[in-house]
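**Q** Let me give you the structure first, and then I'll get to my questions.
The values are calculated or read from the model by the stated rules, or taken from the named source; none is laboratory data. The shown structure was predicted, so the numbers you read here are calculated from the model rather than taken from an experiment. Every residue, glycine among them, receives a Cβ derived from its backbone with ideal geometry; neighbour counts consider all protein chains shown. Areas reflect the complete protein model, heavy atoms only, side chains present, ligands, DNA and RNA absent. Shrake-Rupley method; radii C 1.70, N 1.55, O 1.52, S 1.80 Å.
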Amino acid sequence: MNIIFLGPPGAGKGTQADAIISTYGIPQISTGEIIRNTIRCDTPLSHELRHYTDRGNLVPDELVNRMVDDRLSKPDCATGFLLDGFPRTIRQAEALEQMLSRRGRRLDHVLLLEVPDDILVKRITGRRMHKQSGRIYHLEFDPPPSSVTPDLVQRDDDTESVIKNRLREYHEKTAPLIPFYDALGLLRRIDGHQPPEAVRRCIFAALEPSSSSRTT
Ligand code: AP5
C-alpha cells in the first residue's frame, strides 16, 4: 500500500500514522522527522535546514526530494509506505511521480485530513512529545499522565508566531495538491475535526479496497 498523508500542520497526521503503519506493515516516512533528525547534528546542512524550519518556511524542494528518494530506496519500503508531510508542493509531487515510476510503483491513496485553522493553532500550541517514546500528547485534548510530565518537550516551531507562517505556507504551496490529486482520482477527504477514534475509523473506511481507483 503506497499512501500519502496530506493535511495542514497539526491536522493529526502523526497521531493517526501508527495505526496505519501497523495495520499495513509499512514504514512511516515523515519528512519533518527526517529534517529534525538532520538538524540535531551540527553540520552546514543542519544550519541551512534550521534557517527554514525555525521560521515555519518550507525547505527547498531539491533538498527534500533527495531525502525522500534516498529513504524510498531502503528495503523496508518494498511493501509500501506512508508518506507523512511529503509532497508539499506541486514540484515535489512531480518529483515523487518520477521516483515511483523509476521503481515501477504507483500511489494507491492520498488521505487529506481537513481541520479548520483556528483548531489547528490550538492543537499545535498545546502539543507536547514524550522525549523517550516519541508519543504525542496534547495538554488539553490528550493530557499526559503526571509520570511523564518531566520528560515532555515542545517543538521549536510550535509557537503561535511560527504556526501562523506554517499555515500560510500550507495554504499557498501545499493546498494546490488537493485539486492535483483529486484530478488523478486518488484523493480521500477525511474530516479531521472529530475525536481521534472517529478520525481513525474514517481513515480505514477510506482505505477499503472499494475506495481505491488505482492499485500497485
Ligand atoms: P512536519 O514535521 O511535517 O510538521 P507539520 O506538517 O507542520 O505537521 P505536524 O507534525 O505539526 O502536525 P500533525 O498533522 O502530525 O499533527 P499531530 O498528529 O502531531 O514539518 C515541520 C517542518 O519541516 C515544516 O514547517 C518545514 O519547514 C519542514 N518540512 C517538512 N516536510 C517538508 C517538505 N515536504 N517540504 C519542505 N519542507 C518540509 O497532532 C497535533 C496535536 O493535536 C497533538 O498534540 C495531538 O495530540 C492533537 N490531536 C491530534 N488529533 C487530534 C484530534 N482528532 N482531536 C484533538 N486533538 C488532536
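**Q** Please name whichever of P196, M99, A183 sits farthest to the positive end of the charge dipole of the chain, dipole taken about the Cα centre and charges placed at Cβ: Lys and Arg +1, Asp and Glu -1.
**A** Going by the Cα projections, it comes out as M99.
**Q** So, one more: Sorted by accessible area (1.4 Å probe), largest first, how do K131, K13 line up?
**A** Largest accessible area first, the residues go K131, K13.
**Q** In the Gaussian network model of the chain, springs joining C-alpha atoms below 10 Å, which of P195, P116, P87 carries the largest mean-square fluctuation?
**A** P195
**Q** Ok, one more. Taking amide hydrogens as modeled 1.01 Å from N in the peptide plane, which residues meet the under 5 Å criterion relative to N2, leaving out close sequence neighbours?
**A** Amide H to amide H, under 5 Å and 5 or more residues apart or across chains, N2 pairs with F81, D108, H109.
**Q** Using just the helices of the chain, give the 222 nm mean residue ellipticity in deg cm²/dmol: DSSP H runs with n ≥ 4 each add -39,500 (n - 2.57), and the total is spread over all residues, rounded to 500. It would help to have the intermediate numbers written out before the result.
**A** Working: 9 runs with 93 residues, N = 216.
After summing the helix terms and dividing by residue count, I get -13000 deg cm²/dmol.
**Q** Quick one: dipole size for the chain, taken about the Cα centre, charges +1 on Lys/Arg Cβ and -1 on Asp/Glu Cβ, in debye to the nearest 20.
**A** Values: 30 positive and 30 negative charges, 61 e Å.
Here the size comes out at about 300 debye.
**Q** What number, in percent, do you get for the relative contact order of the stretch 12-108 if the mean sequence gap of Cα pairs under 8 Å and at least 6 apart is divided by its residue count?
**A** Numbers: 71 pairs, mean separation 36.7, N = 97.
Reported relative contact order: 38 percent.
**Q** Just to check I understand the Karplus step: with θ = phi - 60° and J = 6.51 cos²θ - 1.76 cosθ + 1.60, what whole-Hz values come out for the stretch 11-21, glycine and proline as x?
**A** So the Karplus estimates, Gly and Pro as x, are 5, x, 4, x, 4, 8, 4, 3, 5, 6, 5 Hz.
**Q** Scan around I29 for amide H atoms under 5 Å from its own, H built in the peptide plane at 1.01 Å from N, and keep only partners 5 or more places away or cross-chain.
**A** L82, L83, D84
**Q** Same structure, new question: Just want the answer: with Cβ charges of +1 for Lys and Arg and -1 for Asp and Glu, which residue in V148, T79, M129 is farthest toward the dipole's positive end in the stretch 72-216?
**A** T79
**Q** Continuing with this model, one more query. Build a GNM of the chain with springs between Cα atoms under 10 Å: which of N65, N57, N37 gets the top mean-square fluctuation?
**A** So, out of N65, N57, N37, the one fluctuating most is N37.
**Q** Separate question: Which value, in debye to the nearest 20, describes the size of the charge dipole of the stretch 95-194 about its Cα centre when Lys and Arg Cβ atoms bear +1, Asp and Glu Cβ atoms bear -1, and nothing else is charged? Please report the intermediate quantities before stating the final value.
**A** Values: 17 positive and 16 negative charges, 95 e Å.
Computed about the Cα centre, the dipole is about 460 debye.
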